[in-house]
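Just below is one structure, and these are the notes that go with it.
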Amino acid sequence: MTGAGAPVAIGVDVGSTTCKAVVVDRAGAILRHRVEPTHPRTEQQTTRILDELRLAVGCELPIGATGYGRKRVPGATKVLTEITCHARGAFSRVKRAVVLVDMGGQDTKIVRIGPGGDVADFAMNDKCAAGTGRFLEVILGRLQVPFDEVSAHVARARRSVPVSSTCTVFAESEVISLVAQGEELEGILRGLHESLAKRVAALAGVLPADARIVMSGGVALNAAMVDALGAALRREVSVLPDPQLVGALGAALSAS
Amino acid sequence: MSSTRRRVEYEIVKRLVGPALMQVDHAQRRVKSLRKRAAKPAGPFGPPLESVRKLKELMTRHYLEGRYADGAVPVAWVTSGFPVEVLRPLGYHAVYPENHAALCGVQRVVPHLSEATEEVGYARDLCSYARTDIGSVMLQETPVGRLPKPDLLCCCTNICQTVLYWYRSLAAHFQVPLVLIDPPFVYGEAKPHHRQFVRDQLDELLVVAARVAKRRAPSMDEIVGVTKLAREGTRLWGECLAESRNKPAPWTGIDGFFHIAPIVTLRGTAECNAYYRQLRDELRHRVAQGIGGVREEKHRLLWDNLPIWFDVRGMSTLLAEHGFNFVCTSYTNAWAEAGSRIDPADPLGSAVFAYTDIILNQDLGKRFGTLARLAEEYSCDGAVLHSDRSCKPYSIGQLDLKQRLAKQLDIKVMVLEADHGDPRAYAVEQGHGRLTAFMESFS
Ligand code: SF4
């Protein structure tokens with residue numbers, strides 16, 4: 001017998017960069033969560049996380065799994081793709097038709113969620129890491145800027161230095177040459193965000209005039225990226241609560 | 001080796017060895033199937049089609065005869081959309097490099113053959129059919145044992161312009177004549193002068209094909225005879241496909257990709273027609289029995305473009321496990337439609353229509369019309385448009401088609417990026433992930 005606040009399901013989202021897990025109650029509130037870098041042996045990692053969460057809540061719960069490693073989550077009772085889980089997670093928070101932009105480690109998804117929470121349409125970047133969290137990670141690593149400081153850097157920029165290439169490999173060399181030419185770091189970072197946002201906007205295609213945009217995924221924690229995306233889409237972009245956990249939340253809700 | 005000796009060998013293979021091998025194969029299978037008892041449903045699929053055995057027999061014989069054809073009978077290498085009917089009365093053995101490349105795709109030898117082509121400077125952006133066959137010619141390697149050398153190359157650009165450059169390369173390699181049928185691209189309706197232009201080329205083809213075969217030009221009676229056969233074959237193929245309008249569809253769209261081989265390579269022959277009669281009857285029987293290609297058909301999809309040959313099995317299993325079936329495909333339908341316009345009363349005049357008005361030679365509006373009609377006739381609740389990296393003419397405009405189909409028919413549509421032959425241009429895991437997400441969106 002479960003009441004409000006009692007745990008009803010676990011959701012696990014095994015992404016390419018991070019592994020996320022949540023325990024939810026019937027109303028969809030997140031009671032516990034875990035976020036860890038994804039281990040190459042995901043089966044062992046998820047077994048350990050699940051054991052820890054079960055121990056913490058003191059009972060067995062149905063498990064929903066999603067993400068690239070979804071098929072290797074031991075004991076999963078529901079296995080669904082990230083598209084479906086992100087849509088369910090997002091809809092449980094906004095309860096209306098929205099366009100969801102999920103920027104994760106290795107892919108960016110645009111999901112058009114209907115008024116009933118259904119997936120009306122979706123688009124994803126194909127075969128290329130440009131336009132994803134990995135792209136930012138590579139360049140920030142090269143510039144030695146920690147992820148949690150990047151927004152402050154971009155906010156300080158006096159101007160934007162255009163970065164023309166959105167291919168991770170070419171952008172990296174382009175950025176290095178801009179630094180060598182004496183361009184200020186802040187301006188380069190802003191240019192980089194703008195170019196990335198334009199790529200995501202191109203993926204989104206033509207959006208309905210009244211479309212409301214929400215964002216999830218680890219990259220949504222970077223305020224500069226949210227701003228750049230809003231500018232590229234010419235729309236206000238709101239970030240979902242716990243953006244990194246939206247997929248795991250959707251998986252848990254599907255299993256409950 | 002003398003041509004008489006080649007001819008004797010060819011006839012022996014055609015009349016004796018081929019059928020004998022098939023008898024042995026047939027007997028072995030019977031023993032096996034007796035052991036296994038009657039055909040049972042295989043996983044998420046319905047029981048396998050009995051006709052598959054006959055299909056294998058037909059195609060194996062075709063390629064086996066091909067090994068002994070050059071030097072014995074005239075050999076033509078022909079593009080899939082070429083009016084092959086005029087070659088049959090002249091005794092040509094027709095080889096379809098596209099069909100051969102598809103076979104290489106299923107056997108997953110495309111990267112190996114293609115790399116040889118790329119090494120001599122052909123771009124990887126070129127259609128993988130072309131890269132596969134050029135590589136096969138250069139390396140003299142093929143999963144079918146041996147392809148006969150052509151005496152004549154027959155190219156029709158009603159499918160794309162790539163074939164023209166591909167066949168020019170073959171002409172330079174084999175030092176044989178190339179005949180070209182070059183139908184103008186059709187916006188709306190083809191104009192009379194377009195049709196005359198194609199007609200003139202057909203007349204020229206007759207002369208060149210006869211000269212190369214060292215025979216007199218075929219009589220009108222002969223052309224009418226083969227045209228009748230081609231039309232009948234096309235009609236029968238269309239009837240096979242139309243059985244999938246029933247619920248559940250008695251076979252899968254993926255089955256159709258394999259069973260298309262005779263209408264492409266043996267069109268205009270009695271054996272092609274006998275095969276489709278058998279297949280149609282089997283499908284009708286399955287419909288009467290309520291047997292589906294997929295065991296539990298829940299959703300019916302339309303597929304646009306060529307199949308992903310190296311992943312057809314994996315993909316069809318994934319779909320069937322979720323209760324989805326591609327009940328119709330624009331690709332298999334193209335062969336049911338084009339030939340239906342052939343009229344034995346006016347074989348050449350009607351061939352102009354048949355070979356000019358095919359799906360890849362038409363504007364986007366007509367392509368949309370075909371897709372929309374198919375989706376309605378086959379009661380599809382979704383469509384997958386394969387954006388084929390190799391086949392640009394088939395893939396162009398698909399984003400518009402997607403939006404129009406979704407909006408006007410109120411069905412779910414996705415674009416799947418892949419390649420029909422080259423696994424290096426497709427990530428199976430990601431592709432299946434996209435398809436799974438698409439299927440999940442139906443619930
Ligand atoms: S480009 Fe398309 S139409 Fe042309 S040969 Fe390749 S697959 Fe066929």
Does segment B:76-88 contain at least one residue that is out of contact with any Gly (no Cβ under 9 Å at 6 or more places or on another chain), charged (D, E, K, R) and in contact (Cβ under 8 Å) with a residue 60 or more places away in the chain?
no
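Given A:ARG199, A:ARG158, which one is more than 30 Å from A:ARG112 (Cβ to Cβ) and either more than 14 Å from every other protein chain (Cβ to nearest Cβ) or crowded, with 20+ Cβ neighbours inside 10 Å (or both)?
Details: A:ARG199 fails: more than 30 Å from A:ARG112 (Cβ to Cβ).
So the residue among A:ARG199, A:ARG158 that is more than 30 Å from A:ARG112 (Cβ to Cβ) and either more than 14 Å from every other protein chain (Cβ to nearest Cβ) or crowded, with 20+ Cβ neighbours inside 10 Å (or both) is A:ARG158.
Is it the case that segment A:107-114 has a residue that's within 14 Å of the chain's Cα centre (by Cα), of a type in the set (Lys, Arg) and under 30 Å from A:ARG234 (Cβ atoms)?
First pass over segment A:107-114, keeping only residues within 14 Å of the chain's Cα centre (by Cα): A:107-111.
Filter once more, keeping what is of a type in the set (Lys, Arg): A:109.
Still in the running and under 30 Å from A:ARG234 (Cβ atoms): A:109.
Looking for residues that are within 14 Å of the chain's Cα centre (by Cα), of a type in the set (Lys, Arg) and under 30 Å from A:ARG234 (Cβ atoms), one finds at least one in segment A:107-114, hence yes.
Quick one: which residue in B:THR157, B:THR162 is closer than 15 Å to B:GLU98 by Cβ, within 14 Å of the ligand (Cβ to nearest atom) and in contact with a strand residue (DSSP E or B) (Cβ under 8 Å, 6 or more places away or on another chain)? Working first, answer last.
Values: B:THR162 fails: in contact with a strand residue (DSSP E or B) (Cβ under 8 Å, 6 or more places away or on another chain).
Selected residue: B:THR157, the only one of B:THR157, B:THR162 that is closer than 15 Å to B:GLU98 by Cβ, within 14 Å of the ligand (Cβ to nearest atom) and in contact with a strand residue (DSSP E or B) (Cβ under 8 Å, 6 or more places away or on another chain).
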Out of (1) in contact with a Gly (Cβ under 9 Å, 6 or more places away or on another chain); (2) of a type in the set (Val, Ile, Thr); (3) within 13 Å of the ligand (Cβ to nearest atom), the odd one out for B:VAL95 is which?
(3)
Evaluate segment B:327-335: report whether one residue or more is on the phi < 0 side of the Ramachandran plot, in contact with a Pro (Cβ under 6 Å, 6 or more places away or on another chain) and within 15 Å of the ligand (Cβ to nearest atom).
no
Residues of segment B:107-128 being closer than 11 Å to B:ASP422 by Cα, surrounded by 18 or more Cβ atoms within 10 Å (Cβ to Cβ) and within 15 Å of the ligand (Cβ to nearest atom), in sequence order, are B:VAL110, B:LEU113, B:SER114, B:CYS127, B:SER128
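Looking at the structure I just gave you, is A:ALA56 in a loop (DSSP other than H, G, I, E, B) and either away from chain B (no Cβ under 14 Å) or farther than 24 Å from A:VAL111 by Cβ (or both)?
Working: in a loop (DSSP other than H, G, I, E, B): no; either away from chain B (no Cβ under 14 Å) or farther than 24 Å from A:VAL111 by Cβ (or both): yes.
In short, no.
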Would a scan of segment A:117-129 turn up a residue that is more than 14 Å from every other protein chain (Cβ to nearest Cβ) and either out of contact with any Pro (no Cβ under 8 Å at 6 or more places or on another chain) or within 30 Å of A:ARG54 (Cβ to Cβ) (or both)?
no
Which residue, of A:ARG235, A:ARG199, is in a loop (DSSP other than H, G, I, E, B) and either in contact with a Ser or Thr (Cβ under 6 Å, 6 or more places away or on another chain) or over 17 Å from A:VAL150 (Cβ atoms) (or both)?
A:ARG235
Scan (1) surrounded by fewer than 18 Cβ atoms within 10 Å (Cβ to Cβ); (2) closer than 20 Å to B:TRP309 by Cα; (3) of a type outside the set (Asp, Glu); (4) in contact with a Ser or Thr (Cβ under 6 Å, 6 or more places away or on another chain) for the single condition B:ALA101 breaks and write down its number.
(1)
Here is a check on your reading of the model: is B:PRO150 surrounded by 24 or more Cβ atoms within 10 Å (Cβ to Cβ), under 27 Å from B:LYS56 (Cα atoms) and more than 14 Å from the ligand (Cβ to nearest atom)?
yes
Has segment B:157-175 got at least one residue that is among the charged types (D, E, K, R) and either part of a strand (DSSP E or B) or within 25 Å of B:PRO423 (Cα to Cα) (or both)?
no
Evaluate segment B:365-376: report whether one residue or more is more than 14 Å from every other protein chain (Cβ to nearest Cβ), part of a helix (DSSP H, G or I), within 16 Å of the ligand (Cβ to nearest atom) and more than 18 Å from B:ARG404 (Cβ to Cβ).
no
Taking segment B:69-128 on its own, how many of its residues are of a type in the set (A, V, I, L, M) and closer than 25 Å to B:GLY256 by Cβ?
10
Residue count for segment B:264-310, restricted to those that are within 16 Å of the ligand (Cβ to nearest atom) and either among the β-branched types (Val, Ile, Thr) or over 23 Å from B:GLU377 (Cβ atoms) (or both):
5
Looking at this structure, is B:LEU319 within 16 Å of the ligand (Cβ to nearest atom), in contact (Cβ under 8 Å) with a residue 24 or more places away in the chain and crowded, with 20+ Cβ neighbours inside 10 Å?
no
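Here is a check on your reading of the model: is B:SER379 in a loop (DSSP other than H, G, I, E, B), within 16 Å of the ligand (Cβ to nearest atom) and either within 14 Å of chain A (Cβ to nearest Cβ) or in contact (Cβ under 8 Å) with a residue 24 or more places away in the chain (or both)?
Working: in a loop (DSSP other than H, G, I, E, B): yes; within 16 Å of the ligand (Cβ to nearest atom): no; either within 14 Å of chain A (Cβ to nearest Cβ) or in contact (Cβ under 8 Å) with a residue 24 or more places away in the chain (or both): yes.
No: the conditions fail for B:SER379.
Test of understanding: among A:LYS95, A:LYS78, which residue is within 14 Å of chain B (Cβ to nearest Cβ) and either of a type in the set (Lys, Arg) or surrounded by fewer than 19 Cβ atoms within 10 Å (Cβ to Cβ) (or both)? Before you say what the answer is, go through the steps one by one.
Numbers: A:LYS95 fails: within 14 Å of chain B (Cβ to nearest Cβ).
Going through A:LYS95, A:LYS78 in turn, the sole match is A:LYS78.
Bear in mind that the values in this text are calculations on the coordinates, not laboratory data. All values derive from a computational prediction rather than experimental measurement. We place every Cβ from the backbone using ideal geometry, glycine too, and count neighbours over all the protein chains shown.
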